[in-house]
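Just below is one structure, and these are the notes that go with it.
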Amino acid sequence: RAALRPVVADILADIAHDAAVYPPELPNQRYVRTYRLRDGWLDRAPDVRLAGDTLLGILTNPTPYGPDVMGDTQEPIFQRRWRTVDTISAAWEDRVAARIAAALDQVGAS
């Protein structure tokens, strides 16, 4: 498990870069983007730790309004424009599994 820590950290960093992608601005949008939500994904190192026999990877965004934009409580104004955390996670599921399987194969071959 310890050998997988850097692999999981790299995967979470890639997911964070994906989550940081904003949708296009609306036509005639008056709100000036601060990119605080993007920076919340990019400025935090993923937390990867061993917990007993489990390798746990945690990726969080501390931006207070993040759940309103990308979470389960997504406000209607953001729906169908902003991807939710669940949508991003689902899109990464197969890639994460493949990368971890490849890393396990590599560790097993060592």
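The values are calculated or read from the model by the stated rules, or taken from the named source; none is laboratory data. Predicted model only: the values in this text are computed from it and were never measured. Using ideal geometry, Cβ is built from the backbone for each residue, glycine included, and neighbour counts are taken over all protein chains shown. Calculation scope for accessible area: heavy atoms of the full protein, side chains included, ligands and nucleic acids excluded. Shrake-Rupley method; radii C 1.70, N 1.55, O 1.52, S 1.80 Å.
From the Cα gyration tensor of the range 24-68, with a ≥ b ≥ c the square roots of its eigenvalues, which class applies: rounded if a/c is under 1.5, or else prolate if a/b is larger than b/c, or else oblate? Write out the running numbers ahead of the final one.
Numbers: a/c = 3.95, a/b = 3.61, b/c = 1.09.
Note, shape of the range 24-68 comes out prolate.
Per residue, how much accessible area does the chain show when a 1.4 Å probe rolls over the protein heavy atoms, in square angstrom?
Dividing the accessible area of the chain by its residue count gives 67 Å².
Just need log10 I(q)/I(0) for the chain at q = 0.13, 0.16, 0.21 Å⁻¹, Debye formula, equal scatterers on the alpha-carbon atoms, no solvent, rounded to two decimals.
So the normalised log intensities work out to -0.57, -0.79, -1.16.
With a 1.4 Å probe and all protein chains kept in place, how do R36, R80 rank by accessible area, largest first?
In descending accessible area the options line up as R80, R36.
Tell me, what % of the accessible area of the chain is carbon and sulfur with a 1.4 angstrom probe?
Ligands and nucleic acids excluded, carbon and sulfur give 55 percent.
What does the charge dipole of the chain about its Cα centre add up to, to the nearest 20 debye, if the Cβ of each Lys and Arg holds +1 and the Cβ of each Asp and Glu holds -1?
Once rounded to the nearest 20, the dipole reads 260 debye.
Report, in degrees rounded to the nearest 10, the 0 to 90 angle that the Cα long axis of helix 85-109 makes with the longest principal axis of the chain.
Compared with the principal axis, the helix lies near 20 degrees.
If each of T87 and R49 carries a label point 7 Å out from its Cα toward its Cβ, how far apart are those two points in nm?
3.2
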